[in-house]
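Okay, structure first, notes after.
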Amino acid sequence: MNEGATSPQQPETLFEKVWNGHVVKPQSADNPAVLYIDLHLIHEVTSPQAFDVLRRRGLRLRRPDKCLATMDHSTPSLPTSPSGRIPFVDALAEAQVAKLVENCREFGVQLFDLSSSRNGIVHVIGPELGATQPGKTIVCGDSHTSTHGAFGALAFGIGTSEVGHVMATQCLLQYKPNTYAVNVQGRLAPGVTAKDLILGLIGKIGIGGGTGHVFEYRGEAIEALGMDERMTVCNMSIEAGARAGMIAPDETTYAYLAGREMAPSGADWDAALACWRALPTDPGATFDAEVDLDAASLEPMITYGTHPGMTMPIRAHVPNPNGSPSEHKALQYMGLEPGQQLLGHKVDVVFIGSCTNSRIQDLRQAATVFKDRKVASGMRALIVPGSKEVKVQAEAEGLDRIFREAGAEWREPSCSMCIAMNGDQLSPGEYAVSTSNRNFEGRQGKGSRTFLASPLTAAATAVRGVITDARELGGV
Amino acid sequence: MEVFTKIESKTVVLPQTNIDTDQIIPARFLKVTDKSGLGENAFADWRYDATGGSNLDFPLNQPQFSDAQVLVAGDNFGCGSSREHAPWALLGCGLRAVISTRIADIFRSNALKNGLLPVVVPPAFHQKLLGTPGAAIMIDLTSQTLTTAVDGTSESFEIDGFARYCMLNGLDHLEFLLQQGALIQSYEEAHS
C-alpha cells in the first residue's frame, strides 16, 4: 500500500483522508505505519496493566492532554449513599476503580469519577463533551470505540498493550485496513430503528464479514439518522468484525457538536468546520468491498442465537440450523426450537442501556411505549442511562417519572447488564430482551439468555411480559 | 515477550465456531488489575460446572491434553471484545498458538503482542486438524510453516513481517515506537 503518496487529484474515501492525515511514519515491508492518535479514552478495566508497564519502565504519558478517563464497567448502577458509600458489587470492583483513581492522579489524566456531572459510559461521554470530532483518530481499550465513527472520526478498540503504546508515545503501530462501503438506500419504516438497521446488516454479512475492514455507512437512510442513531449503528460495527465504522460528517454532525464543552469555538470552530467539510468521501473514490442494504424493507430485528449475526425479523420463525453443530448448540443454549416464533416468548428481564442504546433518543423512544402502561407482572425492567448528562436530560423531560410509574427501575449510568460486571445480571437460564450489543453465552451473567433488540422492542416486551412487536401497541 | 521460533506439541481441539472473547475469559474475571487468575478461568463457563467442579467432557480438563501448547479452534476465533485478558488467559493455561480459519482483528493484534501465535489455515487443512485432537504438530515461525504428524503434510501461513521479527527475537512493540520520538515530535509540531 502506498499511503502518503496519493496525488491531490486522486479521489479518496473518508477513511483514507483521516488515515493519511495521521501517518507519522509510513507502512513499509519492515514495519506497520506509525499512526498518531488524537484522543485516548481510558476506563478502569483495560488500563491498569498498561499503567503498570509505564511505571515499570519509568515512562510518563506523552500527552496527558489527549487522554480522558471515566469509570463505567465495574461501577454500580445503584446510587452512592448519602454518606458517600458506593455500593460496589465486590472488593475487586472497588479496588479496580480505586486503582484507576490512583493511576490518573499519578499520571495526570483527567478523570470523570462517579461524583462528576460528566461521568458515564466512555462512548457516551466522549461525544457529549464534544471531545469526539470529525477527522480525529480515537482509541480506547474497548471494542465499541467504533461508536465515535458516527462523527467521521477513525475510532477503534485496542488491547491493553496498545493502551500502553498510546500512553507512552501517543501513537500506534497499525497496518492500513481495507475499506468497505455499506450503502443503505431508502428510508426506515415507522417503528424500525437504527438498531434494527445494524442488526440487519450483521445478519446479512455475518459476524466475521467485516474482518480486516473499516466500514463507511452511506446513503439516504444513514443521512436521515440523528447523531444518537448514527452512534448506535457505528457502535455495532465490531459485531460484524469490522475494526471501525464511519459516517461522513454533515450538518447533523455540526449541529450536535456546536457549543459542546470540548468542541472548538469562535474562530477555531470556523477553521475546524472548513476542515470537516473536506472529509466526506470524494466522488469516484472506490472501496475494497461493498454491500447494499434496503432500509425500507427492514423490519424490527431480534437475535435468536448466541452471537449478533443470528438475527431475524421479529415476526419471523427461528431458522433451521441446517446441520451446523454450532447453530444447533446455540439454539439448545437458548432453549429454542427451529421454526418457532419468538413473538410471545416469555422474558424475565428487560434491559435498556449500554453504549449501544442508552442515549436520550433511546430513552425517549422507550418512554413512548411505557407512557400510561405498566411493566408486566413478574417482569423486571432496568433502565440505565448512558451518562449523568443523559440522566439529567431525561429527568428534565420527565422520562424518569414515566419509567418509574410504569414500574421500571431507573438507575445510575453504568455499562450495567450489558457486560454484567457490576452485579446487574441475569440468573442462569433467565431470558432478557436487551438493547445492548452482545448475546454471547453468559454475556449477561453465567447461563444468561439474551435477545438483542431495539429500545422500542425492549419496552414493548417489558409491558407485555413476552416478546412483542412494538408496532402492535397503539401510539408507538 | 518470550521468544517464539518453533514449537512441537500435541493439539487440543475446540471445534465450536465463533468462539468469542466472553467464552475465552468471561467478563466477571476482568476485575483484576494484573493478570492473576486468568489462566485458571480461561473458558470458565465451559470448563467448570455450576458447583465449580471440573467438567471432564471439556478437552482442557482431560489429562491427555494438559500439556498441549496448540489450540485448534473452529471457524472465526476471538470475535467480540478488545480484552487482552483473552490471550493472557490462553497463555496462562500453557497455550502458545491458536489455529483457525479466521481470527478476529483485535484478538490477533493482542495475541501477537504477547507471544501467542495466531495461525490461519485453509479449510481443508483445518478440517484435518479438527478431526485429529492430540495429534503432534510442529509450527516453525522462521519458515512460516506448520506440519501435522497425522500425514506429514505441511501448510504455510501468513504473518506480518514486523510481528514475526518481534516474536522471533522476543522484542516488544513499544520499544519500536519509543524509537520514533523524533518523528512523533515533528508530527506534533506540524499539527499543533
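To two decimal places, what compactness ratio does segment B:6-190 give when its Cα radius of gyration is scaled by 2.2 N^0.38 Å?
On the way: Rg = 17.5 Å, N = 185, 2.2 N^0.38 = 16.0 Å.
That ratio works out to 1.10.
Please give the net charge around B:Val72, taking every other residue with its beta carbon less than 14 angstrom from that of B:Val72, where Lys and Arg add +1 and Asp and Glu add -1.
For residues surrounding B:Val72, the net value is +2.
Pairs of lysines 8 or more apart, or on different chains, with alpha carbons under 24 Å: count those in segment B:6-190, would you?
Details: B:Lys6/B:Lys113; B:Lys6/B:Lys128; B:Lys10/B:Lys113; B:Lys10/B:Lys128; B:Lys31/B:Lys113; B:Lys35/B:Lys113.
Pairs that pass both the separation and distance tests number 6.
What's the exposure ranking of A:Tyr254, A:Tyr217, A:Tyr333, going from fewest to most Cβ atoms within 10 Å? Working shown, then result.
Details: A:Tyr254 17, A:Tyr217 27, A:Tyr333 14.
Fewest-to-most Cβ neighbours within 10 Å comes out as A:Tyr333, A:Tyr254, A:Tyr217.
Rounded, prolate or oblate: which one fits segment A:394-476, using the alpha carbon gyration tensor with axes a ≥ b ≥ c (rounded when a/c is under 1.5, else prolate when a/b beats b/c, else oblate)?
Details: a/c = 2.20, a/b = 1.33, b/c = 1.66.
Taking the square roots of the gyration eigenvalues as a ≥ b ≥ c, segment A:394-476 is oblate.
Between A:Ala274 and A:Thr80, what is the label-point separation in nm under the 7 Å Cα-to-beta-carbon projection?
4.4 nm
Once you list every other residue whose beta carbon is under 9 Å from the beta carbon of B:Thr17, what net charge do they have if Lys and Arg are +1 and Asp and Glu are -1?
Every neighbour counted, the sum reads -2.
Tell me which aspartates and glutamates have Cα within less than 17 Å of A:Lys17's Cα, excluding those fewer than 8 residues away on the same chain?
In chain and number order, the partners are A:Glu3, A:Asp38, A:Glu216, A:Asp250, A:Asp282, A:Asp288.
Going by how many other Cβ atoms sit within 10 Å of their own, how do A:Lys204, A:Lys176, A:Lys391 line up, fewest first? Could you put the intermediate results ahead of the total?
Details: A:Lys204 15, A:Lys176 19, A:Lys391 24.
Placing the least packed residue first, the sequence is A:Lys204, A:Lys176, A:Lys391.
Straight-line reach from A:Lys66: which lysines have Cα under 18 Å away, leaving out those fewer than 8 places along the same chain?
Filter leaves A:Lys136.
Kirkwood hydrodynamic radius, computed over distinct alpha-carbon pairs, for segment A:301-469: how many Å, to one decimal?
Values: mean 1/r = 0.0636 Å⁻¹.
Here the Kirkwood hydrodynamic radius works out to 15.7 Å.
Take every Cα pair under 8 Å in chain A that's 6+ residues apart, average their separations, divide by the length, and report that relative contact order as a whole percent.
Numbers: 1144 pairs, mean separation 79.4, N = 476.
Relative contact order comes out at 17 percent.
At a temperature of 20 °C and a viscosity of 1.002 mPa s, determine how fast the protein assembly as shown diffuses translationally according to Stokes-Einstein, using the Kirkwood radius over alpha-carbon pairs as Rh; express D in µm²/s, rounded to the nearest whole number.
Translational diffusion coefficient: 85 µm²/s.
If R₀ is 25 angstrom, what is the calculated FRET efficiency for the pair A:Arg260 and B:Glu188, using the beta carbon separation as r and rounding to 0.05?
On the way: r = 24 Å, r/R0 = 0.97.
Between A:Arg260 and B:Glu188 the formula returns 0.55.
For segment B:6-123, calculate the relative contact order in percent as a whole number, restricting contacts to Cα pairs under 8 Å that are 6 or more residues apart.
Numbers: 222 pairs, mean separation 35.8, N = 118.
About 30 percent, as a whole number.
Where a Cα-Cα gap under 17 Å defines reach, which aspartates and glutamates qualify for A:Lys99, not counting those fewer than 8 residues away within the same chain?
Cα-Cα hits under 17 Å: A:Glu44, A:Asp52, A:Asp72, A:Asp90, A:Asp113, B:Asp34.
For segment A:66-190, what does the equivalent ellipsoid look like in terms of its semi-axes, each the square root of 5 times an eigenvalue of the Cα gyration tensor, given largest first in whole Å? Show your work: numbers first, answer last.
Values: eigenvalues 180, 85, 33 Å².
They are 30, 21, 13 Å, listed largest first.
When Cβ neighbours within 10 Å are restricted to other protein chains, what is their mean count per residue of peptide A:203-211?
On the way: counts 0, 0, 0, 2, 7, 11, 1, 1, 7.
Neighbouring Cβ atoms belonging to other protein chains average 3 per residue here.
Return the average number of partner chain Cβ atoms within 10 angstrom of each residue Cβ along peptide B:160-168. Walk me through the numbers before you get to the answer.
Working: counts 6, 5, 8, 3, 0, 2, 1, 0, 0.
Mean number of neighbouring Cβ atoms from other chains: 3.
How large is the charge dipole for segment A:14-174, taken about the Cα centre, if only the Cβ atoms of Lys, Arg (+1) and Asp, Glu (-1) carry charge, to the nearest 20 debye?
Values: 14 positive and 15 negative charges, 96 e Å.
Its charge dipole is roughly 460 debye.
Could you list the square roots of 5 times each eigenvalue of the Cα gyration tensor of segment B:1-72, that is, the equivalent ellipsoid semi-axes, sorted largest first and rounded to whole Å? Could you put the intermediate results ahead of the total?
Details: eigenvalues 90, 64, 30 Å².
Ellipsoid semi-axes (Å, largest first): 21, 18, 12.
Rank A:Met71, A:Leu59, A:His22 by how far each Cα sits towards the positive end of the charge dipole of the protein assembly as shown (+1 on Lys, Arg Cβ; -1 on Asp, Glu Cβ) and give me just the farthest.
A:Met71
Throughout, read-outs are computed from the coordinates displayed, never taken from laboratory work. These numbers come from a predicted model, not from an experiment. With ideal geometry, Cβ positions are generated from the backbone for all residues, glycine too; neighbour counts draw on all protein chains shown.
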